[in-house]
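The numbers here are math on the coordinates, done by the rules we state, and not lab data. Please read these numbers as outputs of a predicted model, since none were measured by experiment. So basically every Cβ, Gly included, is an ideal-geometry build from the backbone, and we count neighbours across all protein chains shown.
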Amino acid sequence: MYFVTPMPIFQNQVKSKLPQVGTTIFATMSALATKHQAINLAQGFPDFMCSEKLISLVNKAMLEGHNQYAPMPGLMSLREKIAEKTEYLYAAKYNPETEITVVPGGTIALYAAITATIKENDEVIIIEPCYDSYLPAIELNGGKAVFTSYKLPDYKIDWNEIKKLINSKTKMIIINTPNNPTGSIFSAADMQKLDKLINGSNIIVLSDEVYEHIIFDGIEHQSVARFPNLAERSFIVSSFGKTFHTTGWKMGYCLAPANLMAEFRKVYQFMAFSAHTPTQYALAAYLENKEEYLTLSAFYQEKRDYFKKLLEGSRFKLTNCLGSYFQCAFYDKISDEGDKVFCNRLTEEHGVAAIPVSAFYAKGDDHKVIRFCFAKKNETLEKAAEKLIKL
């Protein structure tokens with residue numbers, strides 16, 4: 001009789017590349033909101049319908065048989081419309097053949113740009129608080145994030161601090177305007193200071209501009225595309241999902257000069273290869289009407305102002321939101337709890353979910369600030385405000 005020694009059960013000994021990373025705060029708070037049937041002002045998505053015309057155009061493309069892979073860089077007709085839009089808005093010319101790539105969502109574009117350019121020990125300057133995908137993308141590519149912070153209470157940039165961080169290892173600076181989570185923006189003066197700061201260097205700019213069409217009070221969005229010296233060294237990331245209320249469709253694009261875009265595409269083709277084909281056909285047709293994006297600022301400014309009015313008399317102190325669809329608020333007059341504890345209690349006991357802004361800092365800096373999303377129906381904002389003003 002032969003006895004077979006049982007094989008050892010496989011033990012997962014994989015060393016995590018992201019040992020400090022868990023489930024994103026957005027998923028966590030949305031799940032908590034669902035569990036407690038709370039009003040979800042946490043995750044950044046609209047609770048109202050997108051354009052019926054846009055849905056009809058997607059359906060039309062499907063019925064016409066446009067259901068196979070699009071070209072890797074994106075449908076040429078859509079890239080041409082993006083080029084026209086960019087020139088119209090920012091007087092900047094991008095070649096749709098070599099300088100524009102359509103992608104399934106802005107986050108993929110951010111990751112592809114970082115992966116294409118950041119190598120072991122390269123340093124990347126990040127301004128906090130910031131979108132949570134930047135740091136993991138840098139670390140997964142062996143880079144080192146170097147941090148500076150917007151200055152409270154208005155989230156202004158200290159360019160002297162950034163200047164001190166630049167050295168021979170600095171490969172990239174990531175900027176985000178309008179900013180998630182703060183709603184702050186880069187002015188033309190900020191862009192000029194950035195231009196002067198990195199002029200003559202090999203530093204790349206990754207400009208996250210997914211909220212480019214959501215900017216308030218008559219202010220013009222200062223895309224890096226407006227500044228030729230910056231544009232020649234920049235990746236610009238934008239999002240149709242944010243612009244047309246279709247975050248679940250995951251559709252965006254990246255602009256960059258041909259030399260940078262060539263490297264971007266080398267990486268992107270092995271990440272997703274192409275984005276959803278029927279939606280690309282639909283967007284190419286939908287962009288014929290400029291009003292679909294030119295009216296977006298007024299639409300969201302009305303919501304921002306209405307939400308602010310609803311919270312008048314509350315103990316929250318609202319920050320100055322100049323763009324995006326996020327409103328930050330200090331709650332220190334209500335509680336001395338940490339922001340994560342406060343947000344959990346706000347959801348569980350008071351029925352409104354928000355995001356703790358400490359989640360947007362690598363070290364969890366807690367300034368007693370939380371973020372609300374006002375991309376909601378007015379009735380949703382009214383129900384939430386009714387609960388919030390009682391605190």
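Brief remarks follow.
- With Cα atoms as the point set, the radius of gyration and Dmax of the stretch 247-315 evaluate to 18.7, 54 Å.
- Note on the chain: helix-only mean residue ellipticity at 222 nm, from DSSP H runs of 4+ residues weighted -39500 (n - 2.57) and normalised by residue number, equals -11000 deg cm²/dmol.
- Put in line by how crowded their Cβ is, counting other Cβ atoms within 10 Å and starting with the fewest, Ser314, Ser274, Ser238 read Ser314, Ser274, Ser238.
- Of the chymotrypsin sites (Phe, Trp or Tyr not before Pro) in the stretch 70-99, not one is in a loop by DSSP (not H, G, I, E or B) with at most 11 other beta carbons within 10 Å.
- Tail beyond 38 Å, pair distance distribution of the chain (Cα, percent): 21
- Cβ-to-Cβ counts within 10 Å put Cys254, Cys130 in ascending order as Cys130, Cys254, the fewest first.
- Whole-angstrom gap from the stretch 178-247 to the stretch 29-88, using each part's C-alpha centre: 21
- Amide H to amide H, with H built 1.01 Å from N, Thr170 comes under 5 Å of Glu123, counting only residues 5 or more places away or on other chains.
- Over the stretch 301-391, the ratio between the Cα radius of gyration and 2.2 N^0.38 Å evaluates to 1.01.
- Taking every DSSP beta bridge that has both ends in the stretch 147-282, the antiparallel portion is near 35%.
- Rounded if a/c under 1.5, otherwise prolate or oblate - the stretch 65-292, Cα gyration tensor axes: prolate
- Sorted ascending by nearby beta carbons within 10 Å, beginning with the fewest, Glu209, Glu349, Glu80, Glu123 become Glu349, Glu80, Glu123, Glu209.
- Per-bin percent of Cα-Cα distances, the stretch 256-356 [5 Å]: 2, 9, 12, 12, 12, 10, 11, 12, 12, 7, 1
- DSSP-defined antiparallel bridges as percent of all bridges, the stretch 65-292, nearest 5: 30
- For the chain, a crude dipole built from +1 on the beta carbon of Lys and Arg and -1 on the beta carbon of Asp and Glu, taken about the Cα centre, is about 520 debye to the nearest 20.
- Each Cα pair under 8 Å and six or more residues apart adds its separation to the average, and for the stretch 65-292 the resulting relative contact order is 29 percent.
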